[in-house]
1. May I ask you to list the residues in segment 83-103 that are modelled with pLDDT of 80 or more and surrounded by fewer than 16 Cβ atoms within 10 Å (Cβ to Cβ)?
2. Tell me, please, whether a residue that is at pLDDT 95 or above, touching an Asp or Glu at 6+ places or on another chain (Cβ under 7 Å) and open to solvent by less than 60 Å² (accessible area, probe 1.4 Å) can be found in segment 116-136.
3. Quick one: which strands (runs of 3 or more DSSP E) lie wholly within segment 230-340 and hold at least 3 residues that are touching a Cys at 6+ places or on another chain (Cβ under 9 Å)?
4. Are there any pairs, at least 6 apart or on different chains, whose C-beta atoms fall under 6 Å, with the first in segment 271-291 and among the β-branched types (Val, Ile, Thr) and the second more than 11 Å from the ligand (Cβ to nearest atom) and in a loop (DSSP other than H, G, I, E, B), and if so, which?
5. Give segment 141-159 a look and list any residue that's out of contact with any Asp or Glu (no Cβ under 9 Å at 6 or more places or on another chain) and closer than 13 Å to ALA448 by Cα, or say none.
6. For segment 246-268, which positions are over 23 Å from ASN180 (Cβ atoms), within 12 Å of the ligand (Cβ to nearest atom) and open to solvent by less than 20 Å² (accessible area, probe 1.4 Å)?
7. In segment 210-224, which residues are touching a residue at least 40 places away in the same chain (Cβ under 8 Å) and surrounded by fewer than 17 Cβ atoms within 10 Å (Cβ to Cβ)?
8. Please list, ordered by first then second residue, the pairs with beta carbon atoms under 6 Å, 6 or more apart or interchain, first in segment 183-205 and on the phi > 0 side of the Ramachandran plot, second open to solvent by less than 20 Å² (accessible area, probe 1.4 Å) and within 11 Å of the ligand (Cβ to nearest atom).
Amino acid sequence: MEPSSGLKPKCSEFTLAAVSELSSSPVSSSSTAVVARFCADRGVVELRFCQDSKFIDGFDFNLGTSKLFKLGPVQSLCISESSDSNKEKSYSRGVTIQFRNEEESRDFHSAFEQWQSVDITQGTNLPNGTISDVRSKFDNKIEPSSAKMYFHYYGQLLHQQNMLQDYVRTGTYYAAVIENRVDFTGRVVVDVGAGSGILSLFAAQAGAKHVYAVEASEMAEYARKLIAGNPTLGQRITVIKGKVEEVELPEKADILISEPMGTLLVNERMLESYIIARDRFLVPNGKMFPSVGRIHMAPFSDEYLFVEIANKALFWQQQNYYGVDLTPLYGSAFQGYFSQPVVDAFDPRLLVSPPMSHVIDFNEVKEEDLYEIDIPLKFIASVGTRVHGLACWFDVLFNGSSVQRWLTTAPGAPTTHWYQIRCVLSQPIYVMAGQEITGRLHMIAHNAQSYTIYLTLSAKMWGPGAEQGGILQTSSCKLDLKEPYYRMSQPQPYTMAQEQQPHQLLQVQDIPIHTEDLEEPELLQQPLENSGAQLQ
Ligand SMILES: C[S@@+](CC[C@H](N)C(=O)[O-])C[C@H]1O[C@@H](n2cnc3c(N)ncnc32)[C@H](O)[C@@H]1O
């Protein structure tokens, strides 16, 4: 860990003469020492190398998969099997280590063996270090490869820029903070997941006494730069690199500020980190900005969207694809496409009933409550139509002492980079105006920082005989919130879809789509925060 991170290292250290990657020039110790550290971090025991208090990029070895060889009295070679999550293959990496003398080489080899054989349990004592708090709450529930990609993504300025350029989002945060100066003036603030540090700077503008900007990704370095470049505000901001689940702060916070929302509010599972930060850092009755989140849901009807998704699988209906019959995979491909939540901005006229909402009070909710979110659904259809699924969006509240502000991602409201999401049923259901639609939205968190969604919608049959039997039409689907279908660059013929009669589009394969009739595609960058190569 960096000394400035606030996280106490659980490691032992060795000062080296030099270290170099195989086939490249050594990292010299002539100016500053190169230090090798055995660490228990992120649930693995690692050997890492650093210089100038910074880890040398790429010089980290999982001791579970590494080997150390003596090349000479003061020279050794460490190699490791390392898997790149983007590629299937593993590959070997290596560094040569130059010791200052033979004794240090011997000590290093013996430490290597001891750390390598360690069982990562809290309180384990080693001759040269103690393992404690090895796995944080974050490490316990999140797959390391997911976390690595997640923080790599947020470590890049272009992705932070995308959020900053969402003026609905950033402008609402700015207004909420500045209009509620009274909540910030003279107060200690923690910015949970500070990213570029923008919210910390807003809090400082609003008169905060001190802001601790906690950021786990490499973005922390850029935040430091940005804050140093704004010295009048920056002198009241300390950037702390690390996860909010792991860092220690010198004092408690009067107010937390954060932007932890992902698609459908909960994607990325960062809300849980916000709640953990509340429990770790916030004084009793301290303020949270935002303090409430609501997930809004309503059934929708959109023949075009349904046809578009169903048609994607038609590729697999070919019986002679270079002489190969693809049809055995048609069913799986069809289900696959319907397991992707659709992210786009839709016309609110596609909604079949008024929405209902599920409230999450950030001041009260327990972190574990977010592992499984189970929402019973009940709507009254306003029109007779085919229901193709459930549309969802969210909003959050800044409950300031002076002004209350909502940041909304609702359809029809100014579009944000979260857009809205729709869960599409592969079997639509028919409803009459005034008919009750019931169901369940059941979301179960998974260790890749997202949720598996189980949706069921039901409506009673109508027509002759339906009264006696009370027969239900039920349709269900399972979706992965981490694998959405970004539809922003696709045509969105809302008004035409509105006018479609249910019977018109039953045979999906037969529908010719005349693109010249459709609106120009909106050329938008893929939404990032709610998505990201790794996030969705
Ligand atoms: C949605 S971005 C918001 C960035 C910035 N606050 C803003 O509003 O522009 C969330 C940030 O939180 C960071 N983050 C996510 N989980 C974290 C955690 N557990 N500890 C520290 N930082 C975290 C991410 O790396 C990312 O930079």
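The values are calculated or read from the model by the stated rules, or taken from the named source; none is laboratory data. Everything quoted here is computed from the prediction, not taken from an experiment. Backbone-built Cβ (ideal geometry, glycine too); neighbour counts: all protein chains shown. Surface areas here come from the heavy atoms of the whole protein model, side chains and all, with no ligands, DNA or RNA. Shrake-Rupley method; radii C 1.70, N 1.55, O 1.52, S 1.80 Å.
1. ARG100, ASN101, GLU102, GLU103
2. no
3. Those strands (runs of 3 or more DSSP E) span 292-300.
4. VAL283/LYS252
5. ILE142, GLU143, PRO144, SER145, SER146, LYS148, MET149 - these are the residues of segment 141-159 that are out of contact with any Asp or Glu (no Cβ under 9 Å at 6 or more places or on another chain) and closer than 13 Å to ALA448 by Cα.
6. Those that are over 23 Å from ASN180 (Cβ atoms), within 12 Å of the ligand (Cβ to nearest atom) and open to solvent by less than 20 Å² (accessible area, probe 1.4 Å): VAL247, GLY262, THR263, ASN267, GLU268.
7. Result: GLU218, single match.
8. Listed by first residue and then by second, the contacts come to GLY193/SER258; GLY195/GLN160; GLY195/MET219; GLY197/ALA213; GLY197/ALA223.
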